[in-house]
2 protein chains.
Amino acid sequence: MTRPAQERAVRTREALLRAGAEVFDEYGYAGAGITRILERAGVTAGALYFHFKSKEGLALAIMGVQPQQIEPNLSSHGLQRLVDITFVWAYELQVNPILRAGVRLSVEQGSFGVQDPSSYLGWKEIMADCLQSADREGELLPEVHSEEIAEFVVGACTGVQLYSQLVSNRCDLPERTVRMWRMLLPGIARPEAIAGIRLDPRRGETA
Amino acid sequence: MTRPAQERAVRTREALLRAGAEVFDEYGYAGAGITRILERAGVTAGALYFHFKSKEGLALAIMGVQPQQIEPNLSSHGLQRLVDITFVWAYELQVNPILRAGVRLSVEQGSFGVQDPSSYLGWKEIMADCLQSADREGELLPEVHSEEIAEFVVGACTGVQLYSQLVSNRCDLPERTVRMWRMLLPGIARPEAIAGIRLDPRRGETA
């Protein structure tokens with residue numbers, strides 16, 4: 001492809017991701033009509049099939065780009081970075097349709113016949129990286145395992161946001177995230193490290 | 001109703017709950033045909049509508065009877081009872097279609113247009129009762145709140161089972177439940193209480 005054609009392809013792909021996310025977030029997978037997605041993206045059916053093959057392919061792509069909605073907004077490292085990921089996530093889940101749709105589709109994937117752990121495994125890798133860095137910096141308790149903590153945090157966050165969505169439409173998710181860390185930090189981090197962690201959910205709004 | 005008619009009604013209702021659970025567990029909400037449910041239950045459409053009004057009513061009832069699959073199997077109290085609830089739950093989720101369907105329908109409820117926190121609030125009440133009892137017995141740290149812990153455990157268990165389902169078809173759920181408690185107990189309970197807690201997932205199999 002020529003350079004302008006490549007740029008156009010990137011813009012088309014992003015328009016489809018965004019339009020698809022808005023429609024999946026609002027209507028769920030089954031209720032999301034292809035025509036509505038195409039109209040909102042302002043592209044043709046051919047473009048959808050070129051970039052994503054199918055509605056399911058578009059859904060899987062949206063599930064997979066969740067971390068890209070979070071990571072560019074982070075500047076901390078180690079344990080604080082892990083905490084900040086969850087604060088940015090709790091904030092973005094209220095305003096960012098790509099993240100909202102990604103989380104919804106990941107949770108409801110069984111309803112459209114998908115069993116794909118990729119999006120959760122992607123989060124796990126990112127969180128395990130923070131924890132390995134935290135471990136090198138001496139922040140973690142000696143007997144804990146970065147991978148196990150990361151897997152638990154991914155699962156816990158998934159369930160906590162579902163609970164928060166059902167009881168408050170996710171308004172209380174930032175505060176629930178703080179509470180999660182108050183309960184969880186003593187079991188994974190050294191007291192000196194915990195003392196230095198800033199548990200202010202507004203850290204997620206700096207995006 | 002006469003006594004035999006009442007007993008027949010109870011049996012019909014239970015047959016519908018069980019057949020509905022098997023079909024919802026296997027096919028999800030959208031894929032669960034009413035005809036299949038009626039055939040498996042061996043009852044008429046009239047019985048379904050008499051007891052549950054609709055397919056959605058049957059799904060909501062199955063979501064609501066989750067705790068009845070767990071509580072009769074418990075004999076411990078306080079913090080150990082809370083831990084044992086999760087062990088029985090982790091075991092039953094592998095073998096009990098009513099619990100499996102209840103959890104699946106609760107997680108995927110958005111896909112069929114329901115936003116009903118009742119099943120999660122039911123679990124929260126049961127867990128908060130255990131924690132209030134634990135608090136009276138001096139097991140909890142002074143600064144923690146039973147309701148907040150209960151809400152977090154409900155959310156965390158929901159997400160951990162989803163993660164476990166996607167990566168191992170829930171085979172590793174009992175072990176993940178043990179890990180959850182190892183991480184969580186230091187943030188909620190006194191060290192003396194933690195020392196007395198038995199973290200053996202086979203406690204869930206005694207049913």
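Derivation of every value follows stated rules applied to the coordinates shown; laboratory data play no part. Computed from a predicted model, the values in this text were never measured in an experiment. Please note: Cβ atoms are built from the backbone with ideal geometry, for glycine as well, and neighbour counts cover all protein chains shown.
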**Prompt:** Out of curiosity, is B:L48 among the aliphatic types (A, V, I, L, M) and more than 29 Å from B:M180 (Cα to Cα)?
**Reply:** yes
**Asked** Does A:L48 satisfy the condition of being part of a helix (DSSP H, G or I), more than 28 Å from A:L185 (Cα to Cα) and of a type in the set (A, V, I, L, M)?
**Response** yes
**From the options B:E26, B:E14, residue that is of a type in the set (D, E, K, R), farther than 17 Å from B:S111 by Cβ and under 24 Å from the mean Cα position of the chain (by Cα)** = B:E14
**Request:** Select from the range A:29-56 the residues that are of a type outside the set (S, T, Y) and closer than 18 Å to A:S106 by Cβ and write down the one among them that is nearest to the chain's Cα centre (by Cα).
**Result:** A:E56
**Asked** Where in the range B:96-192 are there helices (runs of 4 or more DSSP H), lying wholly inside it, with at least 1 residues that are without any contact (Cβ under 8 Å) to a residue 12 or more places away in the chain?
**Response** B:118-136, B:146-168, B:173-188
**Prompt:** Going by the structure shown, is B:S168 more than 20 Å from A:W181 (Cβ to Cβ), at the interface with another protein chain (Cβ under 10 Å from one of its Cβ atoms) and buried (at least 17 other Cβ atoms within 10 Å of the Cβ)?
**Reply:** no
